[in-house]
Every structure is written in C-alpha cells, then in structure tokens.
Amino acid sequence: MLRITIGLAIACLLIVFPAAGAQAERCPQLFAGGNAPVLNKPSLAEGTTQLCNRAFAVLHSSRTRTPLWSAEHLTRASVATARNYDQRSNRFHADPRLLPSDRAELSDYVRSGFDRGHMAPSGDMVDAESDYESFSLANIAPQAPSLNRNGWADLEQYVRGLTMTLGETYVVTGSLYEGATIKTLKGRVLIPTSYWKAVWSRGQGAGAWIATNAAKPVWQVVSIAELTRRTGVDPFPQLDRATRTKVPAFPTFDRTKSSRRSRP
C-alpha cells in the first residue's frame, strides 16, 4: 500500500462534470427527477466517465480509479425480485468500457487487506445481467472489511426495507477522500477515507449517512446540504432548501463483528 499527496486540498478528486445534464439523458430513469448527481466543487473537469447500466449508473474517475458515485432507483417490485434472485455471480472484473490506464484491475486488490466494496450493491440486482454489471470494478472501491461485511451491509438491507415500506426510493452512494494524503492500492487505486449513501423518497424527504472507512467505523447521519458541503457531490440537485437542510431520524449501523464469510 502506498500513499500519495493530493494537491489543492483534495479538490482534484471532486471533479466538475459540466456535461452531467446531457449525460443524464442516457439513463434518466435512474436519477431523482431525471437529474444526475452534480459535482459542484470547481476543479479539473477531465477524468470522469458516466456509465449507464441496467439497474444503476456510476460516475467513474480515472484519477481515483473508483466511482465517485453510483445512482439507483429502487422500487417495491425491484426489491422483491432481487430478494428472490439467489444466483449472485461474484465475478469481479475490470470494466472494458474504460481505458486500461484509467481503470482498476483485479491485481490492484490482491493481498491489499481491503474488500472490493460495491457502490450499487449486488443485493439490489434483479437478474444475471444487472448482477454481473454490479461486479464491475467501475462500481467498486477499496473498503475496510469490518465496514463492508457488517455496518455497510446492514445499511444496504435497511434501505431495501425502507423501499418496501415507502414504495420507491432514489439512492446515491459515493466515496469521500478527505485530507492532503490519501492511501492507495499499489499507487493506482485511491482508498476512500469515508463512504456515504443518500436516500430520497418523493413526499417523504431525504438524508444521508457517512461512515469512515476504518476498522472501527464512525457513523454520522447528515442532511443532503451537509453531505454536499462535505463531499462536493449533490446527489439530488432538484430538492428544495427545506428538504435539503433537514437532518433525518435515520439509525446508524455500528456493528463491527460478523460471522459472515469473507469476500475480499
């Protein structure tokens, strides 16, 4: 594991994507109000690629070689179908839509000590095609095993349960890189300092979680406004100010021990 120093106070990781509106036309059904998440901290515009998949979209960064965000539209029907689909592929693979110089490779994660953490989770996928797409490394970032296999898995399950209750949710998941020095895998793949997940349901409000990417994760529940300020990503740009600034009464997921089998 190597460390690299990120100049401009990590601003280079929060890349402006001015073509987001045009790109969103490719898969607007995955975004709340048809609006893709917006990166709103000015910096280098190069190095991001939006990829549309059957059940989720990602904005991939060639600088981090991870997704900056993934976006999903979950419904009661899709969650029910996903629960009945039990043939998960577990076939991690480099994404052929990205240049080899811009993407992560399987070799980057070998003996790294980090899990290959999904942004859009396999457990949300409804069929073989969408599940295989979820195992693309364009949807993956290095995640501490105790976070990935415990609290983060609990959060993903909670969001599915919330969707069953509310009928539908829009979910955006992302990686956060804070500080001047960021660890890497083999000098290529940047390791997020935290992960975050934002949820919005029409008529019900919105909110987000941030969890440090550590052996003993620290969890926070924050408003969309606070998430945007801290990460530079606005997951739901269509929201009004009252919805954006409200802190929801979400639970946190502090479990750190699990008997689940490791899947590094």
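Structure summary
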{"read-out": "From R76, R65, residue being in contact with a strand residue (DSSP E or B) (Cβ under 8 Å, 6 or more places away or on another chain), on the phi > 0 side of the Ramachandran plot and touching a residue at least 12 places away in the same chain (Cβ under 8 Å)", "value": "R65"}
{"read-out": "Test result for A138, at pLDDT 95 or above, in a helix (DSSP H, G or I), of a type in the set (G, A, S) and farther than 17 Å from P217 by Cα", "value": "yes"}
{"read-out": "Pairs where the first residue, in the stretch 100-112, is of a type in the set (K, R) and the second is in a helix (DSSP H, G or I) and surrounded by 10 or more Cβ atoms within 10 Å (Cβ to Cβ), C-beta under 8 Å, 6+ apart", "value": "R103/L137; R103/A138"}
{"read-out": "Scan of the stretch 149-182 for residues that are more than 21 Å from Q220 (Cβ to Cβ) and not polar (S, T, N, Q), ordered by number", "value": "R160, M164, L166, G167, E168, A180"}
{"read-out": "Members of the stretch 117-138 found to be buried (at least 21 other Cβ atoms within 10 Å of the Cβ) and under 21 Å from P100 (Cα atoms), listed by number", "value": "G117, H118, M119, E133, S134, S136, L137, A138"}
{"read-out": "Count of residues meeting criterion [surrounded by fewer than 18 Cβ atoms within 10 Å (Cβ to Cβ), touching a strand residue (DSSP E or B) at 6+ places or on another chain (Cβ under 8 Å) and of a type outside the set (K, R)] in the stretch 194-218", "value": "1"}
{"read-out": "Test: residue in the stretch 67-83 that is under 30 Å from N40 (Cβ atoms) and touching a Cys at 6+ places or on another chain (Cβ under 9 Å)", "value": "yes"}
{"read-out": "Residue within the stretch 83-106 that is part of a helix (DSSP H, G or I), surrounded by 18 or more Cβ atoms within 10 Å (Cβ to Cβ) and in contact with a Lys or Arg (Cβ under 8 Å, 6 or more places away or on another chain) present", "value": "no"}
{"read-out": "Count of the stretch 37-62 residues which are in a loop (DSSP other than H, G, I, E, B) and free of Cβ contacts under 8 Å to residues at least 60 places away in the same chain", "value": "7"}
{"read-out": "Residue tally, condition of a type in the set (D, E) and assigned to a loop (DSSP other than H, G, I, E, B), over the stretch 107-126", "value": "0"}
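The values are calculated or read from the model by the stated rules, or taken from the named source; none is laboratory data. Values in this document were obtained by computation on a predicted structure and should not be read as measured data. Cβ atoms come from the backbone with ideal geometry, glycine included; neighbour counts cover every protein chain shown.
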